[in-house]
1. If I ask for residues that are surrounded by 13 or more Cβ atoms within 10 Å (Cβ to Cβ) and part of a helix (DSSP H, G or I), which ones from segment A:20-30 would you list?
2. Go through segment A:80-138 and count every residue that is more than 20 Å from residue A:58 (Cβ to Cβ) and at pLDDT 90 or above.
3. Could you check segment A:44-53 and list, in sequence order, the residues that are touching a residue at least 24 places away in the same chain (Cβ under 8 Å) and over 10 Å from residue A:84 (Cβ atoms)?
4. Sort out which residues of segment A:31-77 are part of a loop (DSSP other than H, G, I, E, B) and under 16 Å from residue B:50 (Cβ atoms), and write them in order of number.
5. Evaluate segment B:30-47: report whether one residue or more is exposed (fewer than 10 other Cβ atoms within 10 Å of the Cβ) and under 14 Å from residue A:37 (Cα atoms).
6. With (1) modelled with pLDDT of 95 or more; (2) surrounded by fewer than 18 Cβ atoms within 10 Å (Cβ to Cβ) as the list, and residue A:143 as the residue in question, which single condition is left unmet?
C-alpha cells in the first residue's frame, strides 16, 4: 500500500518551544489546544468514533513520551497531524484486509459536471455529521485526507503538500476533483 | 490573513446557526466542501473519556530512572 504521509522525522532544534519532559500544565495546554483537530481528523478519516478515541489517546500518549523528537522545524500542528495519520494508516492496514473498500471517485466524477461550483445547502443540521461522513466515506483515502487537511485553515497548501509528499500544484489539482466528488456524494445523502 | 478569513467564516456560520435556532431561516449554505467540514469540526466535541484514559495511561508509565548521584545518596 502506498504511503499516504511521510514517516515521522527528527527535526532540528529551535528555541522557544516547551522542553522535554513536558510539565503537566504544558501537556494539558497542548491537549486542550490540539485534541479536537486530532480527534476530528481520526473520526472523519476512519469513520469510527471508537477508533478515533483510540487514535487520539495513542497520539497524545506518544507526544507525552516522545516530545523530545519534535525539534520544531515543522509546526507542532503538522507534527501532530503526521503522527495522527501514521496511527490511522496503521489501523487501516489491518482493517482493509477485512473490509471491502470501494472508491467511487471516478464513477462519481464522470457524472459530476459542474456541481462543485454550487453552494452546499443544508436544511437539517441534526444529521449533518452523518451526511458528511457518508460523503467522505465515498472518497478515496487520498481525497478524503486532502479535504480534511485543507479544511484546517491553519494548514497551508505547502504544508499539506509536504505532509502528503507531493507538490502543492498536485494537491490543488486533486482537491479540485475531491471537492466535486464530495459535492455530488453529499447531495446524494440528502 | 488566514486567521481573519477564519474569523469571518466562523461569524457567518454562527449567525446562520442563530438564524436557524430562531426560525428566521430554513437552510444553511456552505460555499465549499472545506467550509462545510470546518463547520462540522467546530461542532465536534472531543469525548472527555479520552483525557481521563490518557491521565491513567500517563500515571502507569514507568518513572524515569533516578540519576547516579540520587542512587548514590539513597544507599
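The values are calculated or read from the model by the stated rules, or taken from the named source; none is laboratory data. All values reported here derive from a predicted model rather than from experimental measurement. Neighbour counts run over all protein chains shown; Cβ positions are idealised from the backbone, glycine included.
1. Those that are surrounded by 13 or more Cβ atoms within 10 Å (Cβ to Cβ) and part of a helix (DSSP H, G or I): A:26, A:27, A:28, A:29, A:30.
2. Total meeting the criteria: 11.
3. Residues satisfying the conditions are A:44, A:46, A:47, A:51.
4. Answer for segment A:31-77, where residues must be part of a loop (DSSP other than H, G, I, E, B) and under 16 Å from residue B:50 (Cβ atoms): just A:48.
5. Yes, segment B:30-47 contains a residue that is exposed (fewer than 10 other Cβ atoms within 10 Å of the Cβ) and under 14 Å from residue A:37 (Cα atoms).
6. Answer for residue A:143: the failing condition is (2).
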